[in-house]
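S.K.: Please read through the structure below; I'll follow up with questions.
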Amino acid sequence: MGVVGLAVMGSNLARNLASREGNTVAVFNRSREKTDHLLQAHPEAGFVAAFSYEEFAAALTTPRTAIIMVKAGRGTDAVIDELVRVFEPGDIIVDGGNALFSDTIRREKAVRETGINFVGMGVSGGEEGALLGPSLMPGGSDESWVTLGPILRSIAAIAEGEPCVTHVGRDGAGHFVKMIHNGIEYADMQLIAEAYDLIRRGTGKSPAEIADVFAEWNRGELESYLIEITAEVLRQSDAATGRPLVDVIVDQAGAKGTGAWTVQTALDLGVPVSGIAEAVFARSLSSHPEQRAAAAGLPGPAEDAVGTSVTDPDAFIEQVRLALYASKIVAYSQGFDAIRAGAAQYGWQIDLGAVSRIWRGGCIIRAQFLNRIADAYADAADLSVLLSAPYFVEALGRAQDSWRSIVATAATAGIPAPAFSSSLAYYDGLRAPRLPAALIQGQRDFFGAHTYRRIDQDGTFHTLWSGDRSETAAEDTH
Ligand code: NBP
């Protein structure tokens, strides 16, 4: 098999492939330097280097399998065009870059017409995962999975004895699921950041002391890679100043776009991924220093508003932990909802339990918690909303008083906690017996004759607002 694109991800994935018994890996990169460097640095891998697409195709046994790991976008299209030129029907091209799923749908359709198989595959785990075992989310045809399955199983991370790879569904399904994975990752990181901020400002503890709190949390139900690395980051001192590193890092969060894709897609699908959206917007807010400077003088609560509301720091920290857990349940529930809606929209058969299992290892959101999601779908594969599963009902019931108290404290003290509060609002919205959406329907009918349905009769109705205000049966336009 072969790998095209030998930057950090491609070279590590190639080394991972080459380390498996019996594998010989052909490698190719647009510019020669990366290939030369990889060969020199890793002679033990026994790579076969190619310096043209023709050489690359000739080096592969048929049916050929090549994994593309280049910067997503035009580069991916350029490489696909070249591979289609030198490959033959029956060969398999896998795109392991972070492609937008709709691009993958388009590419799969175009490549399929040549008789070559095209598989869009989500890869998570960063450079270390690529080398030691990533979580892999391949889409594509059943036929290509027959060939790819054993290869991918051999290089994927292992969680509880199972390789972290499953055939997600046809064409763009793998990249869709990877996109949602990244969206959930945004929410998870934002929630952890809010928890840190609340503890720091609420209790006055230092970053190193808060690192101990996270390390402790990592031994319980919140155990996850992101909680683990949070403790590491908070414990780090800056060599130059001796201050906590987190205090010398500029507080403007970057983003590569997959969180925004998740939200844009969810808006199109009509799925409220509010926790993920708040996380994306919180990063944008942080990245506008000019607006933040202009708003710095806006009035807030009295200086000691936090201190006075936190009388028992240990109890407060436990409340934050519970609020974090509850908000995390909401974020994952929203993410899995988005996968369900995407599957319905694009005609994919996605096993949500299998998705939660392949995220247990290798990827950035790996967490003990994913076992609970797998259990929930094992008990009820057609669960309409994840947080209605018995385990989550119990966990949310246990957490909700603390969650409300933390959101109230944050608001009173003027500490921004957008993901905590929007998750709670989502939870309350979902469980409400009646929503003010009824009023919105009345308003829409008033100004636009958009009609409404009644709770006590079938059909669609309109009130003659500018006439005698009587009600008429109407065509459904809502
Ligand atoms: P980059 O995203 O930095 O891409 C660099 C590679 O793309 C180089 O090999 C470069 O070749 C090649 N390339 C470009 Br740029 N334009 C090309 C073109 N027109 N034709 C052929 N090759 C072209 O590399 P990366 O960080 O290793 O990521 C690779 C893929 O994996 C990306 O899609 C990324 O989103 C995805 N991914 C990354 C991570 C991560 O943690 N970094 C995790 C999961 C997925 P050159 O050497 O000739 O310039």
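The values are calculated or read from the model by the stated rules, or taken from the named source; none is laboratory data. Note that this is a predicted model, so its numbers are computed, not measured. For neighbour counting, all protein chains shown are included, and Cβ atoms are generated from backbone atoms with ideal geometry for every residue, glycine included. Side chains included, ligands, DNA and RNA excluded: accessible areas come from the protein's heavy atoms. Shrake-Rupley method; radii C 1.70, N 1.55, O 1.52, S 1.80 Å.
S.K.: Between region 226-272 and region 174-197, what's the alpha-carbon centroid distance in Å?
M.R.: Between the Cα centres of region 226-272 and region 174-197 lies a distance of 9 Å.
S.K.: If Lys and Arg each add +1 and Asp and Glu each add -1, what is the summed charge of the other residues whose beta carbon sits under 15 Å from the beta carbon of Glu127?
M.R.: Around Glu127, the surrounding residues sum to +3.
S.K.: Pairing the Cα long axis of helix 418-431 with the longest principal axis of the chain, what angle in degrees results, from 0 to 90 and rounded to the nearest 10?
M.R.: With rounding to tens, the tilt is 70 degrees.
S.K.: Shifting gears a bit: Pick out, from Tyr426, Ala239, Val27, the residue whose Cα sits farthest towards the positive end of the charge dipole of the chain, with +1 on the Cβ of Lys and Arg and -1 on the Cβ of Asp and Glu.
M.R.: Val27
S.K.: Remind me, relative contact order of region 366-478 in percent, using alpha carbon pairs under 8 angstrom and six or more residues apart?
M.R.: Contact order relative to length: 11 percent.
S.K.: Of the beta bridges DSSP finds with both residues in the chain, what % are antiparallel, to the nearest 5?
M.R.: Once the DSSP bridges in the chain are tallied, antiparallel ones form about 40 percent.
S.K.: How big is region 378-418 by the Kirkwood estimate over distinct Cα pairs, in Å?
M.R.: With all distinct Cα pairs of region 378-418 included, I get 12.1 Å.
S.K.: With +1 on each Lys and Arg Cβ and -1 on each Asp and Glu Cβ, and nothing else charged, work out how big the dipole of region 250-304 is about its Cα centre, in Debye to the nearest 20.
M.R.: 260 debye
S.K.: Helix 274-286 sits at what angle to the longest principal axis of the chain, using alpha carbons and giving 0 to 90 degrees rounded to 10?
M.R.: 80 degrees
S.K.: Over the Cα atoms of region 63-220, Rg to Rh with Kirkwood Rh, two decimal places?
M.R.: Dividing the radius of gyration by the Kirkwood radius yields 1.12.
S.K.: In the full protein assembly as shown, how much of His167 is accessible to a 1.4 Å probe, in Å² to the nearest 10?
M.R.: 40 Å²
S.K.: Using the structure shown, select from Lys34/Lys328; Lys205/Lys328; Lys34/Lys178 the pairs with a Cα to Cα distance greater than 32 angstrom.
M.R.: Details: Lys34/Lys328 40 Å; Lys205/Lys328 23 Å; Lys34/Lys178 27 Å.
With Cα atoms farther than 32 Å apart: Lys34/Lys328.
S.K.: Using a simple charge model, +1 on the beta-carbon of Lys and Arg, -1 on the beta-carbon of Asp and Glu, nothing else, what dipole does region 96-165 show about its Cα centre, in debye to the nearest 20?
M.R.: My answer is approximately 260 debye.
S.K.: In the chain, with Lys and Arg counted as +1 and Asp and Glu as -1 at Cβ, which of these residues, Gly342, Val48, Ala378, has the Cα nearest the positive end of the dipole, that is, farthest along it?
M.R.: Towards the positive end, the residue furthest out is Val48.
S.K.: For Gln190, what is the net charge nearby, where nearby means another residue's Cβ is under 12 Å from its Cβ and Lys, Arg count +1, Asp, Glu -1?
M.R.: Net of charged neighbours comes to -3.
S.K.: Give a residue-ordered list of calculated ³J(HN,Hα) values for region 440-456 (Karplus: 6.51 cos²θ - 1.76 cosθ + 1.60, θ = phi - 60°; whole Hz; x for Gly, Pro).
M.R.: With the stated coefficients, region 440-456 comes to 4, 4, x, 4, 5, 5, 5, 8, x, 6, 7, 6, 8, 9, 9, 6, 10 Hz.
S.K.: Less than 12 Å Cβ to Cβ from Cys164, Lys/Arg counted +1 and Asp/Glu -1: what total charge do the surrounding residues give?
M.R.: It works out to a net charge of +2.
S.K.: For region 152-255, what is the relative contact order in percent, using Cα pairs closer than 8 Å and at least 6 residues apart in sequence? Mind dumping the intermediate values first?
M.R.: Numbers: 69 pairs, mean separation 15.4, N = 104.
Relative CO of region 152-255 lands at 15 percent.
S.K.: When the helix-only estimate is applied to the chain (DSSP H runs of n ≥ 4, each -39,500 (n - 2.57), divided by the residue count), what is the mean residue ellipticity at 222 nm, nearest 500 deg cm²/dmol?
M.R.: When only DSSP H runs of four or more count, the value is -18000 deg cm²/dmol.
S.K.: Now a separate question. Please work out how much accessible surface Val280 shows to a 1.4 Å probe, ignoring ligands, DNA and RNA, in Å² rounded to 10.
M.R.: For Val280, the solvent-accessible surface is approximately 20 Å².
S.K.: Working from Cα positions, state the angle (0 to 90°, nearest 10) between the long axis of helix 207-217 and the longest principal axis of the chain.
M.R.: Compared with the principal axis, the helix lies near 80 degrees.
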